[in-house]
Amino acid sequence: MKSESTEYGSLLLNKVPEVTLLFWIIKIMATTVGETGADFLIFNMGFGLEKVSYLMTGVLAAAIFLQFYTKKYVPWVYWVAVVLVSIVGTLITDSLVDIYAISLEATTLFFSIALAATFAVWYASERTLSIQTIYSRKRELFYWAAILFTFALGTAAGDLASEGWGLGYEKSGLIFAGLIALVAVGHYLFNLNAVLSFWVAYILTRPLGASFGDYLSQPGSNGGLGLGTIHTSEAFLVVIVIAVGYLTLFPKTAAKT
């Protein structure tokens, strides 16, 4: 539906997908690829953290430009941007921790404050945080800034739980999955606000996907299954491609899934 209000001075269509089960499946797959994909580029390809960070930031900038250039929701454009934000969010946190020696506790706190500030300014300006009302450039900017901070925060919180606190990837993943389940129960059974439920779940799916990805890819000596970053990234990318292809070919059916 087009927004023709002079308040926004825009004729953009809402450029964010419907929040369905398929949305959450692709989102979790994307977060996993963000974790394993970043590790693959850094270690398997031998580019190093700093070079990969610059490279992927440039690629993300191009993807975001394309997302802003489109006038409506285009599944492959949107989800390519999400996957790249996931990778760059991981790289930002890893750079702060590994290059600048900032603790996971400090990075988790910093990104929590940055995300809260983004939401506060967004709400003060637009009076809504709903992703189903991304009808203007300003809201689009707020949306993608929030998305980037959720991925960076999720990386920091996931690493803090699994590595900093020594819980391991499996236990951390189960904890974050349990928290997401609590949000779902709160929303569907106790009428927890839909917008609040969405953003809390969105934040939590990042450390869930990261913990799951590390559990699959890391060697047994580190508490993982040893599948490696290459095979893990390939498997999840295939799932994403199939799901996004389905969204593209059958948009009306997918919207009900």
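Scanning the stretch 108-131 for residues that are free of Cβ contacts under 8 Å to residues at least 60 places away in the same chain, within 17 Å of the chain's Cα centre (by Cα) and either assigned to a loop (DSSP other than H, G, I, E, B) or buried (at least 19 other Cβ atoms within 10 Å of the Cβ) (or both) turns up Thr108, Phe111, Thr118.
This table checks each residue for (1) charged (D, E, K, R); (2) in contact with a helix residue (DSSP H, G or I) (Cβ under 7 Å, 6 or more places away or on another chain).
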{"position": "Gly168", "(1), (2)": "no, yes"}
{"position": "Lys171", "(1), (2)": "yes, no"}
{"position": "Phe190", "(1), (2)": "no, no"}
{"position": "Asn193", "(1), (2)": "no, no"}
{"position": "Ser211", "(1), (2)": "no, yes"}
{"position": "Tyr215", "(1), (2)": "no, yes"}
{"position": "Pro219", "(1), (2)": "no, no"}
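Which residue, of Ala177, Ala117, is of a type in the set (A, V, I, L, M, F, W, C) and closer than 21 Å to Val82 by Cβ? Can you show your working first?
Details: Ala117 fails: closer than 21 Å to Val82 by Cβ.
Going through Ala177, Ala117 in turn, the sole match is Ala177.
Please go through the stretch 132-143 and pick out each residue that is β-branched (Val, Ile, Thr) and crowded, with 18+ Cβ neighbours inside 10 Å. Scanning the stretch 132-143 gives a single hit, Ile134.
So which helices (runs of 4 or more DSSP H) stay within the stretch 144-257 end to end and still have 1 or more residues that are buried (at least 16 other Cβ atoms within 10 Å of the Cβ), of a type in the set (Val, Ile, Thr) and at negative phi?
On the way: elements: 168-190, 194-217, 229-249, 251-254.
Because the criterion is at least 1 residues that are buried (at least 16 other Cβ atoms within 10 Å of the Cβ), of a type in the set (Val, Ile, Thr) and at negative phi, the helices (runs of 4 or more DSSP H) in the stretch 144-257 that meet it are 168-190, 194-217, 229-249.
Residue count for the stretch 42-80 satisfying the condition of being closer than 22 Å to Thr205 by Cβ and assigned to a helix (DSSP H, G or I): 11. When residues in the stretch 35-65 are screened for being over 22 Å from Ala156 (Cβ atoms), modelled with pLDDT under 90 and either among the aliphatic types (A, V, I, L, M) or in contact with a Gly (Cβ under 9 Å, 6 or more places away or on another chain) (or both), 2 of them pass. If only residues of the stretch 69-95 that are within 19 Å of Phe250 (Cβ to Cβ) and hydroxyl-bearing (Ser, Thr, Tyr) are counted, the one that is surrounded by the most Cβ atoms within 10 Å (Cβ to Cβ) is Tyr78. Asn191 meets the conditions (1) over 20 Å from the mean Cα position of the chain (by Cα); (2) in contact (Cβ under 8 Å) with a residue 24 or more places away in the chain in every case but one. The failed one is (2). Within the stretch 32-54, the set of residues being of a type in the set (A, V, I, L, M, F, W, C) and surrounded by 14 or more Cβ atoms within 10 Å (Cβ to Cβ) comprises Val33, Ala38, Phe40, Leu41, Ile42, Phe47, Leu49, Val52.
The values are calculated or read from the model by the stated rules, or taken from the named source; none is laboratory data. None of these values were measured; they are calculated from a predicted model. Because the Cβ atoms are built from the backbone with ideal geometry, glycine has one as well, and the counts that use them run over all protein chains shown.
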